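Below is one structure, written out as C-alpha cells, with a few remarks after it.
Read-outs throughout are calculated quantities, based only on the coordinates presented, and are distinct from any laboratory measurement. In this text, all values refer to a predicted model and were calculated from it rather than measured experimentally. Here the Cβ positions follow ideal geometry from the backbone for every residue, glycine too, while neighbour counts run over all protein chains shown.
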Amino acid sequence: MTPRERMLKAIRFEEPDRLPTFTNLTPQVAGKLGKFLNLPYKPEDSFLSTRISHTEILLSLGNDAVGVGPGRGKGKETRLREDGTLVDEFGFVFKRTEFYDEIVKRPLEEAETTGDVLRYPLPDALDPWRWRRAEQMIAEYSSSYAIIGDLEATIFELSWNLVGMEKFLMDLVLEREYVFTLLDRIQEEYAFFCGKRMIELGIDVLWVGDDFGTQKGMLISPDFWRKHFKPRYASLFKRWKKLNPELKIAYHSCGSIFPIIPDFVEIGLDILNPIQPKAFGMNLEKIKRDWHGVLCLFGGVDEQEVLPFGTPLDVKQEVWKRFRQAGKGGGYIIAPSHNIQPDTPLENVLAYFDAVKSCKYPS
C-alpha cells in the first residue's frame, strides 16, 4: 500500500495496512535529524513554514503526506535588516531567538479605524511566484503521497498577529468596527484565494485553523465564537467544497474546544486536529466514540510531557495507547499534538516513528 493510499483510506474510515501519520518538526529538531540522516533541513520561507518544510526528512522517517502552502510573493522574501531584525511581506518585524522567532513590531499595532485597516497593503494571494514551490512539490509527490495544503492562521490568528493579541482581543470583545473589517479582508482577500489556489493545484486535504483553546477552556466564549467566527468558516468551507466536492477540510486548534466540535461538524468539517490530550475535555477515546464515521481525528500524541521528557519506551507506549483508543475502523491519523519541539531528544523522535510503523491493522 502506498503512503497516499494509506492516508486516504484512513480518512474514508477504512482500515489501511498501518496507521498513517503526518508529523511536523520545529527547525531545531529538523536540524538534528538532518545531520543524523544526512538530509537537507533548511525551512521554507513562509508564514507557517513548519507544516511545509523538511519534507525529505519526514518522508524518510515515515510520513504519509506532503505539506504544501503559500510561499512568499515575488521579490517579497524575508530579508535581514541592518539592525539584525528580519522583516517579511506582511510587515512583521521579528528577531531570531533560541527556539522561536519573536515578533517585535506588528504592521497594525496602532490601528484604530476601518481606514487604518483598508490602507494596509495585504499580500497578493494569487501572485504566481508564491505557488511555485507548491506546484513543484505536488508534481513530484502526489502520485505516492497524500497532499495537504496548509492554511492555518486562517482568519483569527493572522488578524490578531497583525494587531497584537491583547489589543485585538480587547477590541474584539468591544466589537470595534476595524476588527471586523480586518477579519473580512483576511477572509475574503487572502484566505479564500489561498485555499482556492491550492484546490486548483490538486490538494487532497485543506488544513485550516485558528487557535481558540487554552489548556482549561476556550479563549472566547462558545456563543461569541458562534456569532462572529462560525459563519465565516461556514462560508469558506461551502465555497471551497463547491470548487471540489471531494475535498476534505481539516481544522487545527490547540487547547480545549470541545463545546464547538458539533458546530464544526454542522458546517462540514471532515478532520479535527490536534486533539491535545492534556487540554480539558479533549479525550481522544471519547471524541472517537462520539464522532466516528463523521470526523476523522488527527493528532492525539502527548507533546507536552511524553515526547520531550519520557523515555523511548514511554513514547512507544504513548503511540500504541493512541492507536488502541482511536485506530479501530480507520478515521485516525496519528501525530503529536504540536510540531515536535526542540526539547525532544532525538531518540524519542526515532522511537515515535518506529512505533507508528508498528501500528498495523487489523487493530
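Data overview
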item	result
Angle between the chain longest axis and helix 132-141 axis [Cα atoms, degrees, rounded to 10]	10 degrees
Links that overshoot a 21 Å alpha carbon limit, given the list LYS248/LYS321; LYS9/LYS316; LYS216/LYS278	LYS248/LYS321; LYS9/LYS316
Cα convex hull of the range 246-324, projected area averaged across orientations, nm²	5.5 nm²
Cα pair count fraction exceeding 13 Å, expressed as % - the range 215-272	62 percent
Per DSSP, loop trypsin sites (Lys or Arg not before Pro) in the range 182-218 with at most 11 further Cβ within 10 Å	LYS216
Among MET282, MET165, MET218: highest mean-square fluctuation, GNM of the chain, C-alpha pairs under 10 Å	MET165
GNM top mover of VAL93, VAL205, VAL68 - the chain, alpha-carbon springs below 10 Å	VAL93
All Cα pairs of the range 38-147, percent lying beyond 23 Å	42 percent
Overall Cα dimensions of the range 1-67 - principal axes, largest extent first, Å	35, 27, 14
The chain, relative contact order in percent, only Cα pairs under 8 angstrom and at least six apart counted	21 percent
Whole-angstrom gap from the range 45-89 to the range 222-242, using each part's C-alpha centre	28 Å
Sparse-neighbour loop sites [chymotrypsin sites (Phe, Trp or Tyr not before Pro); the range 69-126; at most 14 other C-beta within 10 Å; DSSP]	PHE99, TYR100
Dimensionless Rg over Rh [the range 159-203; C-alpha; Kirkwood]	1.15
For the range 231-363, the Rg and Dmax computed from alpha carbons only, in angstrom	15.6, 47
15 Å beta-carbon shell around TRP225, net charge (K/R +1, D/E -1)	-3
Centroid-to-centroid separation of the range 299-337 and the range 247-268 [C-alpha atoms, Å]	20 Å
Candidates per GluC sites (Glu not before Pro) in the range 164-196, loop by DSSP, up to 15 other Cβ within 10 Å	GLU175
For ASP150, residues with placed amide H under 5 Å, excluding near neighbours	VAL68, GLY69, TRP207
Taking the range 56-176 and dividing mean pair separation by its residue count, relative contact order in percent (alpha carbons under 8 Å, at least six apart)	33 percent
For the chain, built as a Gaussian network whose Cα springs stay under 10 Å, the top-fluctuating residue of GLY255, GLY330, GLY75	GLY75
Pairs of alpha carbons in the chain whose separation is greater than 34 Å (percent)	23 percent
